Structure formats: C-alpha cells, structure tokens
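See structure below.
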Amino acid sequence: MHGPASPGWLLVALCAATGAYCLLRLRSSVEEQRRTAGGEAVMGFGMALMAVPATVAVPPPGAWIAYAAVFGGAAARSLWAARTSAHHLHHLVGALAMVYMAVAMAASPGHHGHGGVPPLTGVLLLYFAGYVLWSGTRLVPVTAVAAAGTRSVGWGDRPELARVCRLAMAMGMLAMLLAL
C-alpha cells in the first residue's frame, strides 16, 4: 500500500496478529467459531501482505491480480455462506473491498492523484467506519460463557476476542482504504 512505512508496519502487525488468532479459533469447540475463523484468517493474513509498505517491498507485477483472484474466491465463498448466516454478508463486503483495492493497486502501482475520493472508496469507508463504531459498542460488556459447565474457556471459544479480532480487521480495512 502507499503511505509511510511506520504506520504500514503497524498495520501489517495488527493484521498478522488477527490472522494468527483466527487460526487459533479453528480449534474451537463452537461450530460457528470454526466456520468463520478460516475466512477471517485468510482476510487477516491477506490484509497483512497487502499492507506491507511499498517503500520496503514492491510486489511482483502479477501479485495484485493474484490477490484479486484469492479474494474473489473468498467473496464467492462468503456469498454462498450468506444464505445461512447474515454475518457472512460482512465477510462478502470485506472480500469485495480487498478485490477492489487489489485491482486499484494493479491499475496504478504508483501513487494515486489528488483528485478526491472515488465514490466506491467513499462508500466502503462509510461502511467500515460504521462497522467499527457498531462492533466497538458490542464489546461492552461481553461475558465469556464456558461451553461445558465449569470447564475453562479456550482461546478459540472467547466471543469477546472474536469481536475484537473483527474490530481490528475493520480498522485495518479503514486504514488501507485511506492509504489507497
């Protein structure tokens, strides 16, 4: 992505940590956690790769097209999963936003002009800003409920951490869209 290196590395770290936690959620005893964790891990790691500052590593010419293809596949999977769970609509919007950013980066590998914010970028910024505010309000208070009586809750079963993970990815998406 375009922009200064320091915030870019912070975004890489945030997205990679989010992706790593989502991998932990794949071991959850809660089926819904496992079902969404894989897609969220792909999103987190994909965002981390796309956020590497351009001043440090310039992706090969076909990388942006590969990103668009991977996230296009993720969008198709989210569209299919959305028939049973409305939460997957958010995954669909996120995957399509990643496709949009990859295509924009492939079309203009240098810095973008200062002609204002394209309408689709503006709509995505509004969506993710709203999602950040909405998901932030859902964090207070969240109680972790043990799945089996007095058994301690594992890292993959903590609903408040899953919400924090989604909030972090939405904030990362905002930062990436602003840097576009």
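The values are calculated or read from the model by the stated rules, or taken from the named source; none is laboratory data. Note that this is a predicted model, so its numbers are computed, not measured. FYI the Cβ positions are ideal-geometry reconstructions off the backbone, even for glycines, and counts take in every protein chain you see.
Scanning segment 5-16 for residues that are modelled with pLDDT under 90 and in contact with a helix residue (DSSP H, G or I) (Cβ under 9 Å, 6 or more places away or on another chain) turns up at least one hit.
Being at pLDDT 90 or above, in a helix (DSSP H, G or I) and of a type outside the set (A, V, I, L, M, F, W, C) holds for only one residue in G172, G156, G136, and it is G172. Number of residues in segment 46-95 that are within 22 Å of L167 (Cα to Cα), of a type in the set (V, I, T) and not in a helix (DSSP H, G or I): the value is 1. For segment 70-86, a tally of residues being more than 15 Å from M47 (Cβ to Cβ) and aliphatic (A, V, I, L, M) returns 5. The residues of segment 60-72 that are crowded, with 16+ Cβ neighbours inside 10 Å and touching a residue at least 40 places away in the same chain (Cβ under 8 Å) amount to a single one, W64.
Within segment 73-97, being of a type outside the set (A, V, I, L, M, F, W, C) and surrounded by fewer than 18 Cβ atoms within 10 Å (Cβ to Cβ) holds for G73, R77, R83, T84, S85, H87. A count restricted to segment 98-107 and to residues that are out of contact with any helix residue (DSSP H, G or I) (no Cβ under 7 Å at 6 or more places or on another chain) and surrounded by 13 or more Cβ atoms within 10 Å (Cβ to Cβ) stands at 1.
Name the single residue that is modelled with the highest pLDDT among those in segment 97-120 being outside any loop (DSSP other than H, G, I, E, B) and more than 21 Å from A63 (Cα to Cα). Residue satisfying both the conditions and the ranking: L120. The set of residues from segment 25-45 being in a loop (DSSP other than H, G, I, E, B) and either aliphatic (A, V, I, L, M) or without any contact (Cβ under 8 Å) to a residue 40 or more places away in the chain (or both) comprises L26, V30.
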